[in-house]
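Q: Have a look at this one before I ask anything.
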Amino acid sequence: MIIKPKIRGFICTTTHPLGCEANVLEQINYTKTKGQLANGPKRVLVVGASSGYGLSSRIAAAFGSGAATIGVFFEKPGTEGKPGTAGWYNSAAFDKFAKAEGLYAKSLNCDAFSHEAKAKVVELIKQDLGQIDLVVYSLASPVRKMPDTGELVRSALKPIGKPYTSTAVDTNKDTIIEATVEPATEQEIQDTVTVMGGQDWELWLHALEKAGVLADGCKTVAYSYIGTELTWPIYWHGALGKAKMDLDRAAHALDSELAVKGGSANVAVLKSVVTQASSAIPVMPLYIAMVFKKMREQGLHEGCMEQIYRLFSERLYRADGQKPATDDENRLRLDDWELRADIQQHCRDLWPQITTENLSELTDYREYKAEFLRLFGFGIEGIDYEQDVNPLVEFDVIEL
Ligand SMILES: NC(=O)c1ccc[n+]([C@@H]2O[C@H](COP(=O)([O-])OP(=O)(O)OC[C@H]3O[C@@H](n4cnc5c(N)ncnc54)[C@H](O)[C@@H]3O)[C@@H](O)[C@H]2O)c1
């Protein structure tokens with residue numbers, strides 16, 4: 001079939017298999033040009049491995065360190081008449097390129113919050129790898145099915161205490177609007193912590209530890225965002241921020257547990273990037289369009305792959321073997337460039353000046369939209385979108 005983008009709200013309901021494959025290849029090529037990590041991991045589990053930061057983590061481990069990888073994700077395959085999700089095609093492409101280089105790659109398409117997913121991964125590690133050296137936790141989900149009761153709990157992208165009104169961009173109409181988001185209820189805050197907090201990360205590590213499949217010195221990292229006062233009301237001081245604070249709590253607890261065997265657990269605070277998860281957060285698209293323009297001008301631009309390669313090479317696996325610098329909460333900070341005073345001051349000054357008319361001139365909004373479409377495999381040079389393409393792409397994946 002001929003596949004064209006179809007945008008609905010903040011998602012694109014179609015995807016292009018060849019475009020997604022090209023995205024993955026571009027990240028692999030970037031990693032290869034950066035060279036092999038001196039002290040990189042060899043056996044890696046990535047939870048949330050099919051898009052955004054998790055996919056880049058899997059690529060950094062495999063192509064930057066020759067690691068065997070197990071990837072867990074929750075995606076929909078395509079059928080002959082309907083495209084699958086981008087994460088499905090990304091994972092198929094990763095599998096193909098990894099195996100072409102003789103790298104071990106196993107993928108599980110399942111609910112990572114379930115007990116079954118954890119048990120299956122333990123079984124795979126025992127059978128194929130013995131133990132693992134790194135666990136990356138990169139889930140972004142609006143909902144969690146509780147593993148014991150089956151209850152569905154949903155997260156909320158809302159402020160706490162009072163409504164939040166801000167200038168934002170309506171990405172359907174490309175216009176500047178005033179958006180108001182009502183505050184989360186106590187229950188919604190608790191639920192957001194249940195979905196996006198540290199509990200499931202701890203359940204993963206405990207299941208792996210109990211099964212004896214964590215190698216001595218095993219590291220684990222989970223991803224977070226903090227930002228500045230520009231986004232605090234909706235993010236760090238909002239319901240999601242409470243969940244990310246709970247991730248900090250879990251990191252401290254896991255770090256003490258892993259330290260016994262010479263390992264470590266850290267939260268890595270990453271920069272804002274265009275992913276399916278960030279496009280759903282009110283105000284983020286406008287903030288990203290602003291901050292990207294300034295960071296590009298300053299030669300500081302990074303996408304998912306650049307951020308993650310820097311996390312691996314300059315924080316987690318430093319060539320000099322030294323412990324990386326952390327902030328006072330023991331977090332690894334990769335948002336250092338985004339939070340630079342001049343970058344943030346620029347955004348603060350610009351924010352009140354933005355109108356529908358000057359949006360494209362004063363920010364990288366056009367580039368934001370293009371990058372959003374690229375997430376789904378569209379707008380990629382070298383791909384002929386008038387050509388027939390088969391949405392049915394199969395690869396070796398374990399379905400639970
Ligand atoms: N995007 C940003 O700007 C940004 C910035 C800093 C930190 N982060 C953090 O990085 C992490 C990853 O976010 P992202 O933006 O890369 O997200 P993303 O939407 O690109 O990827 C989410 C991943 O989680 C998987 N997933 C979701 N629900 C699942 C389930 N129930 N079972 C198995 N897999 C499931 C998806 O398949 C996918 O692989 C999040 O913790 C996020 O808060 C994101």
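The values are calculated or read from the model by the stated rules, or taken from the named source; none is laboratory data. Just so we're clear, the structure is a prediction, and the values are computed from it rather than from any experiment. Every residue, glycine as well, gets a Cβ built from its backbone with ideal geometry; the counts of neighbours run over all protein chains shown. Areas reflect the complete protein model, heavy atoms only, side chains present, ligands, DNA and RNA absent. Shrake-Rupley method; radii C 1.70, N 1.55, O 1.52, S 1.80 Å.
Q: Any idea which of (1) of a type in the set (Val, Ile, Thr); (2) open to solvent by 50 Å² or more (accessible area, probe 1.4 Å); (3) within 12 Å of residue 294 (Cα to Cα) is the one residue 343 doesn't satisfy?
A: If we test residue 343 against (1) of a type in the set (Val, Ile, Thr); (2) open to solvent by 50 Å² or more (accessible area, probe 1.4 Å); (3) within 12 Å of residue 294 (Cα to Cα), just (2) comes out false.
Q: OK, next. Quick one: in the stretch 106-115, which of the residues that are farther than 19 Å from residue 194 by Cβ and within 12 Å of the ligand (Cβ to nearest atom) is surrounded by the most Cβ atoms within 10 Å (Cβ to Cβ)?
A: In the first step, residues of the stretch 106-115 are kept if they are farther than 19 Å from residue 194 by Cβ; the result is 106-110.
Applying the additional criterion that residues be within 12 Å of the ligand (Cβ to nearest atom) yields 107-110.
Working: 107: 26, 108: 24, 109: 20, 110: 20.
The extreme case among them is 107.
Q: Those residues that are surrounded by 22 or more Cβ atoms within 10 Å (Cβ to Cβ), of a type in the set (S, T, N, Q) and over 30 Å from residue 65 (Cα atoms), I need them from the stretch 129-159; list them, please.
A: Scanning the stretch 129-159 gives a single hit, 155.
Q: Still on this structure, I have one more. Cβ-Cβ below 9 Å, separation at least six or inter-chain, first residue in the stretch 86-97 and at negative phi and charged (D, E, K, R), second open to solvent by less than 10 Å² (accessible area, probe 1.4 Å) and not in a helix (DSSP H, G or I): which pairs?
A: Note: pairs meeting the criteria are 95/71; 95/105; 95/107.
Q: Return yes or no: is residue 126 among the basic types (Lys, Arg), out of contact with any strand residue (DSSP E or B) (no Cβ under 9 Å at 6 or more places or on another chain) and either touching a residue at least 24 places away in the same chain (Cβ under 8 Å) or open to solvent by 60 Å² or more (accessible area, probe 1.4 Å) (or both)? Quick ask: steps written out before the conclusion?
A: Details: among the basic types (Lys, Arg): yes; out of contact with any strand residue (DSSP E or B) (no Cβ under 9 Å at 6 or more places or on another chain): yes; either touching a residue at least 24 places away in the same chain (Cβ under 8 Å) or open to solvent by 60 Å² or more (accessible area, probe 1.4 Å) (or both): yes.
Against the criterion (among the basic types (Lys, Arg), out of contact with any strand residue (DSSP E or B) (no Cβ under 9 Å at 6 or more places or on another chain) and either touching a residue at least 24 places away in the same chain (Cβ under 8 Å) or open to solvent by 60 Å² or more (accessible area, probe 1.4 Å) (or both)), residue 126 qualifies.
Q: Give the stretch 8-26 a look and list any residue that's at pLDDT 95 or above, open to solvent by less than 60 Å² (accessible area, probe 1.4 Å) and over 15 Å from residue 101 (Cβ atoms), or say none. If you could, list the steps in order and put the result at the bottom.
A: Start the filter on the stretch 8-26 by keeping residues that are at pLDDT 95 or above, which leaves 14-26.
Pick out the ones that are also open to solvent by less than 60 Å² (accessible area, probe 1.4 Å) and you get 14-17, 19-24.
Correct list: 14, 15, 16, 17, 19, 20, 21, 22, 23.
Q: Can I ask one more? Which pairs turn up if I take residues in the stretch 316-328 that are without any contact (Cβ under 8 Å) to a residue 12 or more places away in the chain and closer than 21 Å to residue 44 by Cα and look for partners that are surrounded by fewer than 10 Cβ atoms within 10 Å (Cβ to Cβ) and of a type in the set (A, V, I, L, M, F, W, C) with beta carbon separation below 7 Å, at least 6 apart in sequence or on another chain?
A: Note: no pairs meet the criteria.
Q: Would a scan of the stretch 378-393 turn up a residue that is closer than 30 Å to residue 121 by Cα, open to solvent by 30 Å² or more (accessible area, probe 1.4 Å) and either modelled with pLDDT of 95 or more or within 22 Å of the chain's Cα centre (by Cα) (or both)? Step through it out loud before you land on a result.
A: Start the filter on the stretch 378-393 by keeping residues that are closer than 30 Å to residue 121 by Cα, which leaves 391-393.
Those left that are additionally open to solvent by 30 Å² or more (accessible area, probe 1.4 Å): 392-393.
Then keep just the ones that are either modelled with pLDDT of 95 or more or within 22 Å of the chain's Cα centre (by Cα) (or both); that gives 392-393.
Yes: the stretch 378-393 contains one or more residues that are closer than 30 Å to residue 121 by Cα, open to solvent by 30 Å² or more (accessible area, probe 1.4 Å) and either modelled with pLDDT of 95 or more or within 22 Å of the chain's Cα centre (by Cα) (or both).
Q: Something else now. Tally time: how many residues in the stretch 342-378 are in contact (Cβ under 8 Å) with a residue 12 or more places away in the chain and in a loop (DSSP other than H, G, I, E, B)?
A: Step one: filter the stretch 342-378 for residues in contact (Cβ under 8 Å) with a residue 12 or more places away in the chain, giving 342-344, 346-348, 350-352, 354-356, 359, 362-365, 367-369, 371-378.
Those still in the list that are in a loop (DSSP other than H, G, I, E, B) too: 354-356, 363-364, 376-378.
Total satisfying the criteria: 8.
Q: In the set 39, 29, which member is more than 16 Å from the ligand (Cβ to nearest atom) and at pLDDT below 95? Give the steps one after another, and end with the answer.
A: Values: 29 fails: at pLDDT below 95.
Result: 39 is the single residue among 39, 29 that is more than 16 Å from the ligand (Cβ to nearest atom) and at pLDDT below 95.
Q: Mind counting the residues in the stretch 70-86 that are within 13 Å of the ligand (Cβ to nearest atom) and either surrounded by fewer than 24 Cβ atoms within 10 Å (Cβ to Cβ) or among the β-branched types (Val, Ile, Thr) (or both)? Lay out the reasoning, then the answer.
A: Initial filter on the stretch 70-86 (within 13 Å of the ligand (Cβ to nearest atom)): 70-77, 84-86.
This time we only want the ones that are either surrounded by fewer than 24 Cβ atoms within 10 Å (Cβ to Cβ) or among the β-branched types (Val, Ile, Thr) (or both), so: 70, 72, 74-77, 84-85.
Looking only at that region, the number is 8.
Q: How many residues, within the stretch 38-67, are surrounded by fewer than 22 Cβ atoms within 10 Å (Cβ to Cβ) and among the aliphatic types (A, V, I, L, M)?
A: 1
Q: OK, next. Kindly establish whether residue 230 is over 22 Å from residue 143 (Cβ atoms), surrounded by fewer than 21 Cβ atoms within 10 Å (Cβ to Cβ) and among the aliphatic types (A, V, I, L, M). Before the answer, list the steps.
A: Numbers: over 22 Å from residue 143 (Cβ atoms): yes; surrounded by fewer than 21 Cβ atoms within 10 Å (Cβ to Cβ): yes; among the aliphatic types (A, V, I, L, M): yes.
Considered against the rule, which asks whether it is over 22 Å from residue 143 (Cβ atoms), surrounded by fewer than 21 Cβ atoms within 10 Å (Cβ to Cβ) and among the aliphatic types (A, V, I, L, M), residue 230 comes out as yes.
Q: Being touching a strand residue (DSSP E or B) at 6+ places or on another chain (Cβ under 6 Å) and either over 19 Å from residue 198 (Cα atoms) or charged (D, E, K, R) (or both): is that true of residue 59 here? Give the steps one after another, and end with the answer.
A: On the way: touching a strand residue (DSSP E or B) at 6+ places or on another chain (Cβ under 6 Å): no; either over 19 Å from residue 198 (Cα atoms) or charged (D, E, K, R) (or both): yes.
Criteria not met by residue 59.
Q: Inside the stretch 172-197, can you point out the residues that are open to solvent by 50 Å² or more (accessible area, probe 1.4 Å) and more than 25 Å from residue 223 (Cβ to Cβ)?
A: 172, 173, 174, 177, 178, 180, 182, 185, 186, 187
Q: Could you please find all residues in the stretch 160-171 being surrounded by 20 or more Cβ atoms within 10 Å (Cβ to Cβ) and either closer than 18 Å to residue 347 by Cα or within 22 Å of the chain's Cα centre (by Cα) (or both)?
A: Answer for the stretch 160-171, where residues must be surrounded by 20 or more Cβ atoms within 10 Å (Cβ to Cβ) and either closer than 18 Å to residue 347 by Cα or within 22 Å of the chain's Cα centre (by Cα) (or both): 168, 169.
Q: Filter the stretch 175-203 for residues that are within 16 Å of the ligand (Cβ to nearest atom) and closer than 14 Å to residue 241 by Cβ and give the result.
A: Our first condition is that a residue be within 16 Å of the ligand (Cβ to nearest atom); within the stretch 175-203, this holds for 191-203.
Selection gives 192, 193, 195, 196, 197, 198.
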